[in-house]
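First the structure, in the form of structure tokens, and then the observations on it.
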Amino acid sequence: MEFQHTSVLLHETIDSLNVNPDGIYVDGTLGGGGHAYELCSRLRKDGRLIGIDQDEDAIAAASKRLQGFGEQVTIVKSNYVRTPEILAELGIEKVDGIYLDLGVSSYQLDTPERGFTYREDAPLDMRMDRQQVQTAADMVNTCTEMELYRIIRDYGEDKFAKNIAKHIVKRRRERPIRTTGELAEVIKAAIPAKFRVNGHPAKQTFQAIRIELNGELRVLTNSLDEMIGCLKPGGRLAVITFHSLEDRIVKNKFRENANPCTCPPDFPVCVCGKRSRGRVVTRKPVIPSAKEEEENKRAKSAKLRVFERL
């Protein structure tokens, strides 16, 4: 299947970076190269883009799409949590901007054999990096009932998390759960019919398992401070999120970096010594227009937040 993915908030994201035509930028979630192509189109010959992705299919698609920019583009197979190390390995000290487009791509969702979708029966995989050993099937069949409950409750925010975990454990005692279809049926059976009204009943649990398997929230939490440290003065970090858990992390991290002082409010002067690293550019997150939501249903929950380095 050809790698297809419609970039969400495309112009809003690249516009928010205040692109320096001779600058150096990092795309931490390269995907099919949609945002990267738009950014590279705004660079002069001395401008440069470092693209990072852990998905081999994405790298192949982006490499083809960006080949016209030649040596201006460097693509690295890795996770964006390694951005500081990757830049050091490339001999780059600071960059003019970094952006992330989080979540799962349309290609990953629409390719059944990748095991992300609950709408078709396929091997239960969900690995963003297919060199990773553990699959979603391994996790579903080995986690304790309490671990499954915590994952589904915390990352899927499903009020039936306890019952879903119980049904998974009961079903796997009979035989292992190996496919997306099998897991979707187990989840459906755990949720009373009258509550199966807002989309597919397996949606939240599949999201939770994917997030846990790929360490998505842990990686995001551990990356933002370091990425801000990689920016030149005036450089910007732009992040697109697709659910409340991601957005909360980005919002809080940006706020902490803008206002790190821990002194009590009644102190006349700051004594903690913590200084602001920049400012939050987006007082409220940028969201897709009604037209974009109509043209791309997967854009509906997207939010863009931007931080500028002092």
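Among the residues examined, residue 23 qualifies as of a type in the set (Gly, Ala, Ser) and either modelled with pLDDT of 95 or more or more than 21 Å from residue 86 (Cβ to Cβ) (or both).
Let's see how each residue does on (1) surrounded by fewer than 18 Cβ atoms within 10 Å (Cβ to Cβ); (2) outside any loop (DSSP other than H, G, I, E, B):
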| residue | (1), (2) |
| --- | --- |
| 235 | no, yes |
| 247 | no, yes |
| 252 | yes, yes |
| 256 | yes, yes |
| 260 | yes, no |
| 284 | yes, no |
| 288 | no, no |
| 301 | yes, no |
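Only residues that are without any contact (Cβ under 8 Å) to a residue 60 or more places away in the chain, of a type in the set (S, T, N, Q) and either part of a helix (DSSP H, G or I) or touching a Cys at 6+ places or on another chain (Cβ under 7 Å) (or both): list them for segment 165-205, please. 204, 205, listed by residue number. Taken over segment 85-105, the criterion of being under 30 Å from residue 209 (Cβ atoms) and part of a loop (DSSP other than H, G, I, E, B) is satisfied by 102, 103, 104, 105.
Kindly evaluate residue 113 against the criterion of being at pLDDT below 95 and either in contact with a helix residue (DSSP H, G or I) (Cβ under 7 Å, 6 or more places away or on another chain) or not assigned by TED's automatic domain parsing to the domain that holds residue 181 (or both). So residue 113 passes the test.
Applying the criterion of being within 27 Å of residue 228 (Cα to Cα) and more than 19 Å from the chain's Cα centre (by Cα) to the residues of segment 69-82, the residue that is surrounded by the fewest Cβ atoms within 10 Å (Cβ to Cβ) is 71.
In segment 12-68, the qualifying residues are those that are touching a strand residue (DSSP E or B) at 6+ places or on another chain (Cβ under 6 Å) and charged (D, E, K, R), and the one that is surrounded by the fewest Cβ atoms within 10 Å (Cβ to Cβ) is 12.
The values are calculated or read from the model by the stated rules, or taken from the named source; none is laboratory data. All values reported here derive from a predicted model rather than from experimental measurement. Counting neighbours? That spans all protein chains shown, and the Cβs are built from the backbone with ideal geometry, glycine included.
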